[in-house]
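The block underneath contains the structure these notes are about, expressed in structure tokens.
Values quoted throughout were computed directly from the atomic coordinates according to the rules given, and no laboratory measurement underlies them. Everything numeric in this text was worked out from a predicted model, so none of it was measured. Positions of Cβ are backbone-derived with ideal geometry, glycine not excepted, and every protein chain shown enters the neighbour counts.
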Amino acid sequence: MNHEGKRDWTITNGNGTTREMLFKFLVIGDYGVGKTAIVRRYTEGKFSSNYKITIGADFAIKSLQWDGNTKINLQLWDIAGHERFGYMTRVYYKYAVAAAIVFDVSRLATFQSIPKWLNDLREKVTLHDGCPIPIVLLANKCDIHGTSVPHDLITKFCKENGIAAWFLTSAKENVNIEDSMTYLVQKVVNLKAQEAHNDSIILRDSGRHGNTLSKEKSSCCG
Ligand code: GTP
Ligand code: MG
């Protein structure tokens with residue numbers, strides 16, 4: 001998102017070999033599940049066991065050299081989980097292209113809140129073609145041994161709710177933080193490639209038939 005309200009940037013240099021993209025990702029879920037810890041681990045490589053509640057929303061940037069000619073700047077929006085900030089989510093979600101929904105795998109109640117977060121998200125944000133944004137579920141604090149939300153319950157929930165993947169993560173012990181984020185970035189990159197492909201078909205066809213340009217909805221939504 002830039003100051004003109006665009007969802008992402010693509011900058012191509014003079015000879016067309018380098019592009020730079022900006023993606024806004026959301027990190028949401030109940031308070032205390034480890035959203036800030038995940039963002040901090042991913043962007044700074046650090047972890048602290050002190051709990052400092054997030055007020056409203058925070059954000060952090062992570063730059064990725066995605067491939068030889070693509071740089072991706074990820075803007076990670078770390079949204080406060082406490083209910084008293086819930087009324088602001090529509091504003092925070094604007095222009096997001098993907099989301100990680102986090103729960104604490106050692107606390108069932110935080111898993112039971114996931115439908116609430118998912119509905120809020122699906123109601124308030126879609127890609128500009130109307131498709132739902134890619135989502136990943138993070139079962140955080142997997143380093144805590146003892147009670148755990150049953151894994152088959154998580155898998156079942158994902159299947160029933162069209163969530164393609166979930167990861168056991170630990171911000172504390174750096175388990176799957178990078179992999180889960182890379183998974184989400186790959187999803188968005190694939191959608192962008194699909195979008196560019198659809199656009200090129202429309203352009204080609206409109207050239208062939210001499211039509212005016214019309215942007216059709218992609219049917220992929222996946
Ligand atoms: P809000 O800002 O209130 O929405 O909470 P949050 O989801 O950002 O939680 P935060 O990242 O602040 O973490 C809450 C507490 O859990 C802190 O004391 C963290 O140190 C701890 N924590 C976070 N991730 C992990 C983890 O993977 N393992 C363990 N054992 N503790 C964690
Ligand atoms: Mg926080």
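On the principal axes of its alpha carbon atoms, segment 8-221 extends 65, 35, 32 Å, with the longest extent given first.
Per-residue Karplus couplings for segment 53-70, computed as 6.51 cos²θ - 1.76 cosθ + 1.60 with θ equal to phi - 60°, are listed in order as 4, 7, 9, x, 8, 10, 9, 9, 10, 10, 9, 10, 8, 6, 8, x, 10, 10 Hz, Gly and Pro entered as x.
Each of GLU20, GLU160 was scored by other Cβ atoms within 10 Å of its Cβ. Arranged with the fewest first, they read GLU160, GLU20. State which entries of LYS46/LYS172; LYS35/LYS172; LYS46/LYS141; LYS24/LYS52 exceed 19 angstrom in Cα-Cα distance in the structure shown. Checking Cα-Cα distances, LYS24/LYS52 exceed 19 Å. Going from the residue with the fewest nearby Cβ atoms within 10 Å to the one with the most, MET21, MET181 rank MET21, MET181. For LYS116, the aspartates and glutamates whose Cα falls under 14 Å of its own Cα, not counting residues fewer than eight places away in the same chain, are ASP30, GLU83.
Treating r as the C-beta distance of ILE55 and HIS197 and R0 as 30 Å, the FRET efficiency rounds to 0.10. If you take all other residues with their beta carbon under 15 Å from the beta carbon of ASP179, and give Lys and Arg +1 and Asp and Glu -1, the sum is +1. Phi angles of segment 44-49 translate, via the Karplus equation with coefficients 6.51, -1.76, 1.60 and θ = phi - 60°, into HN-Hα couplings of 10, x, 10, 9, 10, 8 Hz per residue; Gly and Pro are given as x.
Counting neighbouring Cβ atoms within 10 Å and putting the fewest first, the residues THR43, THR110 line up as THR43, THR110.
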